[in-house]
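Each value in this text was obtained by applying a stated rule to the coordinates, not by laboratory testing. Just so it is clear, the structure is predicted and the values come from calculations on it, not from any experiment. All Cβ positions, glycine included, derive from the backbone under ideal geometry; neighbour counts span all protein chains shown.
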Amino acid sequence: MHYVQNTHALPNFSYYIIFSCSHDFILASLPCRPHQKEPVKKTQKSGSPKPKQQNRTGGAGWGRKLRAASMTTLRPFRCEDMFHFNNVNLDPLTETYGLSFYLQYLAHWPEYFQVAESSSGVIMGYIMGKAEGHGDNWHGHVTALTVAPEYRRLGLAKQLMAILEDISEKKRCYFVDLFVRVSNLVAITMYKKLGYIVYRTVLQYYSGDPDEDAYDMRKALSRDTQQKSVIPLTHPVRPEDIE
Ligand SMILES: CC(C)(COP(=O)(O)OP(=O)(O)OC[C@H]1O[C@@H](n2cnc3c(N)ncnc32)[C@H](O)[C@@H]1OP(=O)(O)O)[C@@H](O)C(=O)NCCC(=O)NCCS
């Protein structure tokens, strides 16, 4: 394991940060839904009721959480991580995808797929994204960001987002964007704290009963000197209108 202090100093985004030690286990979270053109699975899996979240989060004291956080390694996602991240995806709100979907991201945008791992090798969370678009729409996109309930409020999501933004800066993107359920106040609060604004509302973006709207949130990067990418639209759009 490499011990590093500054993610910006790292070539090829190999191993990032971290210190410490502890024994821990992982729980779940909710990946953002990807752009409409990508395959998206329903929120609920049929035939396999998920355990209640409070039963799975109980018992994680702050001392243990802090020890776990101080032992975290942020590193690129590896193929074999897919054998170990099922528990991360068992949260009732989590949207999961077929293996080919994850492999597609791993093959095309490996630098955008980063995992937070505990000292005992448990996956604490991950971020999956990509770069896409043409001209001044060239941007980084957060497809999934998830931190297990046990390890929330420790700054892991913030660090994972910082990696994605740093990669996007290096790729000369104009902005970073993501989609989030309008009901997901925790995530919206976090993104706002990280400098994202609601660029537009996408009506009925998430299928379900009922369907749910999404906020398309954006943060301008340094290449967008005039901040054009973050001038909010005054009207909502439909999923088919998304580029
Ligand atoms: C949203 C989520 C990724 C945040 O992960 P996290 O590691 O707990 O976030 P961080 O610790 O990095 O928090 C960064 C900031 O976001 C804000 N924030 C995070 N969780 C918050 C909460 N429950 N209430 C209020 N603010 C919160 C805080 O301002 C926080 O900074 P602070 O702790 O210094 O005050 C996590 O709650 C999660 O996985 N949720 C389910 C999945 C999800 O919704 N993903 C996003 C889909 S688009």
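Describe numerically, in nm with one decimal, the distance between label points set 7 Å from Cα along Cα→Cβ at V182 and at E169.
3.4 nm
Computed from the mean reciprocal separation of all distinct C-alpha pairs, what Kirkwood hydrodynamic radius does region 72-151 have, in Å?
Details: mean 1/r = 0.0753 Å⁻¹.
When all Cα pairs of region 72-151 are included, the Kirkwood radius is 13.3 Å.
Taking the mean number of other Cβ atoms within 10 Å as a proxy for protection, how do you rank 130-139, 109-118 from highest to lowest?
109-118, 130-139
Rank-order 212-224, 194-206 by packing density, defined as the average count of other C-beta atoms within 10 Å over each peptide's residues, highest first.
With the highest mean Cβ count within 10 Å placed first, the list reads 212-224, 194-206.
If the reach is capped at under 12 angstrom between alpha carbons, list the aspartates and glutamates near K219, excluding any in the same chain fewer than eight residues apart.
List returned: E165, E169, D177.
Ranked from highest to lowest mean number of other Cβ atoms within 10 Å per residue, what is the order of the peptides 99-106, 236-243, 164-171?
The peptides rank, most packed first, as 164-171, 99-106, 236-243.
Would you mind calculating the gained length between E132 and T225 on full extension (0.36 nm times residue separation, minus the Cα-Cα distance), in nm to one decimal? Intermediate results must be reported in sequence, preceding the final value.
Details: separation 93, 0.36 × 93 = 33.48 nm, distance 1.93 nm.
Value of the extension gain: 31.6 nm.
Compute the Cα gyration tensor for region 102-232, then decide on rounded, prolate or oblate, letting a ≥ b ≥ c be the square roots of its eigenvalues: rounded whenever a/c is under 1.5, prolate when a/b is larger than b/c in the other cases, and oblate in all that remain.
oblate
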